[in-house]
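Working notes for the structure below.
The values are calculated or read from the model by the stated rules, or taken from the named source; none is laboratory data. What you see is a predicted model, and the numbers here were worked out from it, not measured in a lab. Positions of Cβ are backbone-derived with ideal geometry, glycine not excepted, and every protein chain shown enters the neighbour counts.
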Amino acid sequence: MALIDKASLLMVPSTYEAGKLYNILPSGNRAPDSTGENSGYDQTRADFDFDRGSNAAATRIGSDGLLKKYRENLLTESNNFSDSDWTKYGGVTLTSGQADKDGGTDAWLLTKPAAGFTGIGEAETITGVITFSVFAKANTHSKVTIRLIGTPDVNVIFNLSDGTIFGGTSLGWIDRKIESVENGWYKCSLTLNNSGATNAVIYPDEITNTTTGSIYIQNAQLEASMVATDYLDSTSVTAKAGVLIDLPRIDYSSGAGALILEPSRANLIQYSEYFGTWASVVQGTASAPTITTNYDISPDGKQNATRIQFDLNGGTTLSDRVIIRQSLAIQSDYYFSVWMKSATGSEQKILWHSTADDNETTITSDWQRFEFDRNSTSVGWAGLSLRGSTSSVDTADILVWGFQVERGSYKTSYIPNHSGTGGVTRAADLCNNGGSAESINSVEGVLYAEIAALADDEINRHITLWDGTDTNRLVLKYDNQSNVVQVFNRVGGIETAFLGHSLADITISHKIAVRYKANDYALVIDGVEVDTDTSSSTWSVSVFNDIKFSNGSGSDFYGNVKQLAVFNEALSDSELATLTTL
């Protein structure tokens, strides 16, 4: 019998991506939807429960190497413009069933019947960096105006005959784009930093045009983003996709897929992708930094990376400096991280800024997520800088994206923050309630895990087979001692087995198997049997009915899980060696 046939519980994260089946256990699965956004997750079909409460701030790295986020089209009835959710201005009329950009009939004819301000709009409550987009095509009119009425009130006019942008108010917008798609259609978008109520409005032609006429429109979207992302079709509720609140995060940052389980953290940086609001400090001979928003493709595959150019103009003293930064409440337990890349193709050097400049970092032509531990230093600022006599260069030309400051001793996955009002919190990942009395053999078996801890921070991280009480359990854990793995049991409330081993580094992936059988316990790690116990008991039939990534009330396992299995019979020494060999 093959080893795989003996496993009653099996998690295979590598089969997570779009078009494949994600098996959490053999009796439960999730099938990603056709968009690859995995929005079709059916929690009731999974044997483990995944949750982050109501929080949608989590991200992961996909198998394509790009960072994946939560996305939401905040508009309702986003392609049903005749619905009452859309307010009509100036007697504008709408006709459905028009030829659309994809060869179907989902477009609308938007007609201006008279002179004056005529259009359609939908009110939403959202502040921070937002992007409004719509697909449009010329008919008797060749222009469309899209407007965000808030603080500021911004409109932009797009020419649907030649794909140019002109007119409109320039005060307050971050970016505006027109992109040719197919069959004469254009995707038009407007991005701004809004601090008030928002009304997203579409006008058929220029706002002030006095003639009648019409254009075609399709698929409107309003989102918290630096750029317009792929369209999400909403109905009476908003449309959501990406890393959803009940979605297990399979992360490929290390190459192979792994379930990532992390504690709650907050990104304390405001506008983590928009550096136009950050403070600049210029001293001595230095010039003000040049900031170009949405300059290049970022680690999430969108054109939302910022170019920042620093120049000391030959300054060589400590008084010659240029900084871009944000203030922080003075603390000594911060951890900084940010993605950076050379904008020129040649190596660049930059300094972290944290009250005092420190730690010169070399930036290459590849995107890398750099980190800076400030846990031992009290700081009130976070940012980047150049300074004479500290840096080895007096210029830097870099791409920057996804700045994060969190309280903790190690970095966690990126938490986007498009707002200017405090930090954004990602709730803790919860993964529990797996298995049943029918699927777990309590008398004998093997608990197997391919795991890595997030940090060697001397915190207990448990994986537990149990009956829902402290009386009967088998625990595999990374211990609150540095780089120690331990196994213990409780049978009828009495601990009869205890095994342990010291590893070189628990933050790299290890294959760990625990055999449990009366008078025959073994701990095998990476192909080597490291500890045994020949005098311990096990449990009676059908005692275990659950497996949890915790001890039941704490000691959550925070780390990366490439595979988890419970085998329903005690494997031999040679089988355990085969199972755990790297």
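Miscellaneous remarks
- Within the range 532-568, being in a strand (DSSP E or B) and either crowded, with 22+ Cβ neighbours inside 10 Å or in contact (Cβ under 8 Å) with a residue 40 or more places away in the chain (or both) holds for Asp546, Ile547, Lys548, Gly559, Asn560, Val561, Lys562, Gln563, Leu564, Ala565, Val566, Phe567.
- Lone qualifier among Phe488, Phe498 - being more than 38 Å from the chain's Cα centre (by Cα), under 17 Å from His462 (Cβ atoms) and among the hydrophobic types (A, V, I, L, M, F, W, C): Phe498
Quick grid of which residues meet (1) surrounded by 21 or more Cβ atoms within 10 Å (Cβ to Cβ); (2) basic (Lys, Arg); (3) touching a strand residue (DSSP E or B) at 6+ places or on another chain (Cβ under 6 Å); (4) within 30 Å of Thr293 (Cβ to Cβ):
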{"position": "Phe81", "(1), (2), (3), (4)": "yes, no, yes, no"}
{"position": "Lys88", "(1), (2), (3), (4)": "no, yes, yes, no"}
{"position": "Thr111", "(1), (2), (3), (4)": "no, no, yes, no"}
{"position": "Ile126", "(1), (2), (3), (4)": "no, no, yes, yes"}
{"position": "Thr145", "(1), (2), (3), (4)": "yes, no, yes, yes"}
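- Test set (1) crowded, with 17+ Cβ neighbours inside 10 Å; (2) touching a strand residue (DSSP E or B) at 6+ places or on another chain (Cβ under 7 Å) - Leu582 fails condition number: (1)
- Criterion: on the phi > 0 side of the Ramachandran plot, touching a His at 6+ places or on another chain (Cβ under 7 Å) and surrounded by fewer than 21 Cβ atoms within 10 Å (Cβ to Cβ) - qualifying residue of Gly213, Gly163, Gly184, Gly172: Gly213
- Scanning the range 512-535 for residues that are in contact with a helix residue (DSSP H, G or I) (Cβ under 6 Å, 6 or more places away or on another chain), among the small types (Gly, Ala, Ser) and over 14 Å from Glu444 (Cα atoms) yields a single hit, Gly527.
- Leu576 being within 17 Å of Glu450 (Cβ to Cβ) and either in a helix (DSSP H, G or I) or touching a Ser or Thr at 6+ places or on another chain (Cβ under 6 Å) (or both): yes
- When the test is whether a residue is part of a strand (DSSP E or B), over 34 Å from the mean Cα position of the chain (by Cα) and small (Gly, Ala, Ser), Ser96 passes it.
Yes or no, residue by residue, for (1) among the small types (Gly, Ala, Ser); (2) within 17 Å of Asn267 (Cβ to Cβ):
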| position | (1), (2) |
| --- | --- |
| Ser337 | yes, yes |
| Leu351 | no, no |
| Ser354 | yes, yes |
| Thr361 | no, no |
| Ser365 | yes, no |
| Phe370 | no, yes |
| Thr377 | no, no |
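- Taken together, Gly255, Gly242, Gly284 contain a single residue that is in contact with a Ser or Thr (Cβ under 8 Å, 6 or more places away or on another chain) and modelled with pLDDT under 95, which is Gly242.
- The range 277-292 - residue that is over 16 Å from Val338 (Cα atoms) and under 27 Å from the mean Cα position of the chain (by Cα) and, of those, surrounded by the fewest Cβ atoms within 10 Å (Cβ to Cβ): Ala279
- Residue pairs whose Cβ atoms lie under 7 Å apart, separated by 6 or more positions or on different chains, with the first residue in the range 459-486 and crowded, with 17+ Cβ neighbours inside 10 Å and the second acidic (Asp, Glu) and assigned to a strand (DSSP E or B), are Trp466/Asp546.
- Among residues of the range 262-272, those that are in contact with a strand residue (DSSP E or B) (Cβ under 6 Å, 6 or more places away or on another chain) and either closer than 13 Å to Arg60 by Cα or part of a loop (DSSP other than H, G, I, E, B) (or both), counted: 3
- Summed over the range 382-408, the residues that are surrounded by fewer than 20 Cβ atoms within 10 Å (Cβ to Cβ), under 28 Å from the mean Cα position of the chain (by Cα) and over 15 Å from Ala288 (Cα atoms) give a count of 2.
- Any hit, the range 536-556, residues being of a type outside the set (A, V, I, L, M), farther than 17 Å from Asp479 by Cα and touching a helix residue (DSSP H, G or I) at 6+ places or on another chain (Cβ under 7 Å): no
- Exactly one residue out of Ile130, Ile149 is of a type outside the set (Lys, Arg), at pLDDT 95 or above and under 18 Å from Ser225 (Cα atoms): that is Ile130.
Okay, residues lined up against (1) assigned by TED's automatic domain parsing to the domain that holds Gln283; (2) farther than 18 Å from Ile291 by Cβ; (3) outside any strand (DSSP E or B):
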residue: Ile308; (1), (2), (3): yes, no, no
residue: Thr316; (1), (2), (3): yes, yes, yes
residue: Ser319; (1), (2), (3): yes, yes, yes
residue: Val322; (1), (2), (3): yes, no, no
residue: Ile330; (1), (2), (3): yes, yes, no
residue: Val338; (1), (2), (3): yes, no, no
residue: Thr344; (1), (2), (3): yes, no, yes
residue: Lys349; (1), (2), (3): yes, yes, no
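- Here Gly388 passes the criteria (1) at pLDDT 95 or above; (2) under 23 Å from Ser280 (Cβ atoms) except the one numbered (1).
- Identity of the residue in the range 204-261, touching a Cys at 6+ places or on another chain (Cβ under 8 Å) and part of a strand (DSSP E or B), that ends up farthest from Ala56 (Cα to Cα): Leu259
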